[in-house]
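The values are calculated or read from the model by the stated rules, or taken from the named source; none is laboratory data. If you're wondering where the values come from, they're calculated on a predicted model, not measured in any experiment. FYI the Cβ positions are ideal-geometry reconstructions off the backbone, even for glycines, and counts take in every protein chain you see. Protein only, heavy atoms only, side chains kept; ligands, DNA and RNA dropped before computing areas. Shrake-Rupley method; radii C 1.70, N 1.55, O 1.52, S 1.80 Å.
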Amino acid sequence: MKEALHHGGALDAAVARFGGARGDWLDLSTGINPVPLPLPDIDPELWARLPERALEARAKAALRRFAGAGEGAGVALAPGTQALIALLPHLFTPGPADVLFPSYEEHGRALAAAGHAVSRFSTLAEIAPQTRLAVLVSPNNPDGRRFSPGDVLSLADRLGSQGGLLVLDEAFADAEPEQSLSREAGRPGLLVLRSFGKFFGLAGLRFGAALCEPALAARIETRLGPWAVSGPALALAAGLMADEAGVARLRAGIAARAVLTRRALAAAGLEPVGGTALFSLLQVPEAVALFEALARRHILTRPFPYRADWLRIGTVRDEAGSERLTEALREARAEVGC
């Protein structure tokens, strides 16, 4: 599969394939907030020094407050959640591992690469009794499914009683914090992955975290090694997470842009079948052809190799983007015939 279709955000590959300059494109291929907060000032010395322990402690404390995690939760910081997804499977003896499908595919890839026998599930009841490692994404990417907190905690408790673990990926929970189970982190059998870049709109900062039992957090940090997260990333993330007024503005802005995006889709005659505040999932015939028709108009979206009728569209940043999306969708649908 071409790079432009493998993950969202491959704008260079899209430009190489469909032409135009980067500035011509409307990139709606990810679930990243397109309007981040202004960056707070940081000490310029942080760019020249290795990160100090006090800076890491400040970032952990800010994350704990932001996520609602109690003092009993261990916190392991990493250069992005993807680094934790790749690392975690290597902390456990290879065996049966169940992964939600459809969902973020890197979880299954990482487990398989570490030698685990990966099975897929679509409901929690399908998780096999012998499974000791399971991965759940809630809200889910790309369909936006939410899972009952009570059911999720029951599964974590079951796995924990057997020496297993539930990895709960909350990459899209920050826009709707009532969905988060970070407050339960620290209990046996539960590890919550927290992403920073999507909600804050700063994916390039590379900052993520695992909230789990303290002993497991220590194992993760040992595998990551010292200075895993840069000093500037620690300082910027801590400052932004501690800015309660800024976080409230972010949530309001994300909600407003979600309305703009869905209004654009409705004006083009389309109704999402799922999604979150940061993306919408469409079910349309010939989704890849529609993706390509939009790309020829320099709008980048996200098709899926396992569902030829799915297309995910991120949120627009303003009214102009909304109007452009509506017009492009109308033209592309007429061209493709869907």
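Key figures for this structure:
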quantity	calculated
Residue-normalised accessible area of the stretch 7-56, given per residue in Å² at a 1.4 Å probe	61 Å²
Cβ-Cβ FRET estimate between Thr222 and Glu71, R0 fixed at 30 Å, reported to 0.05	0.90
Global form of the stretch 1-146, assessed from the alpha-carbon gyration tensor, a/c cut-off 1.5	oblate
Separation of the Glu335 and Ala252 label points, Cα + 7 Å toward Cβ, nm	3.9 nm
Heavy-atom surface of the stretch 74-149, accessible at 1.4 Å and reported per residue (Å²)	36 Å²
Residue-span extension gain [Ser119 to Val288] - 0.36 nm each, minus C-alpha spacing	58.2 nm
About the Cα centre, charge dipole magnitude for the stretch 58-179 (Lys/Arg +1, Asp/Glu -1 at Cβ), debye	340 debye
Residue-normalised accessible area of the stretch 169-231, expressed per residue, 1.4 Å probe, Å²	35 Å²
Max mean-square fluctuation residue, GNM over the chain, Cα-Cα springs under 10 Å, options Ala266, Ala134, Ala156	Ala266
Radius ratio Rg over Rh of the stretch 100-202, counting only Cα atoms, Kirkwood formula for Rh	0.94
Euclidean distance of C-alpha centroids, the stretch 307-331 and the stretch 207-261, integer Å	28 Å
Helical segments meeting 27 Å axial Cα length and Kyte-Doolittle -0.5 threshold in the chain (DSSP H)	244-267
Fully extended contour minus Cα-Cα distance, from Arg296 to Leu11, at 0.36 nm per residue	101.3 nm
Where N is the number of residues in the stretch 81-153, Cα Rg divided by 2.2 N^0.38 Å	1.05
Highest-fluctuation residue, Leu211, Leu281, Leu11 considered, GNM on the chain with Cα pairs under 10 Å	Leu11
Two-decimal Rg/Rh across the chain, once Rg and the Kirkwood Rh are taken from alpha-carbon atoms	0.97
The chain: calculated mean residue ellipticity at 222 nm from DSSP helix runs of at least 4, using -39500 (n - 2.57)	-12000 deg cm²/dmol
By average C-beta atoms within 10 angstrom, highest first, the peptides 50-62, 85-97	85-97, 50-62
Rotationally averaged projected area of the stretch 48-101 (alpha carbon convex hull; nm²)	6.1 nm²
Spin-label model distance (nm) - Ala267 vs Asp151, 7 Å beyond Cα toward Cβ	3.7 nm
Mean separation of Cα contacts under 8 Å, 6 or more apart, over the residue count of the chain: relative contact order %	24 percent
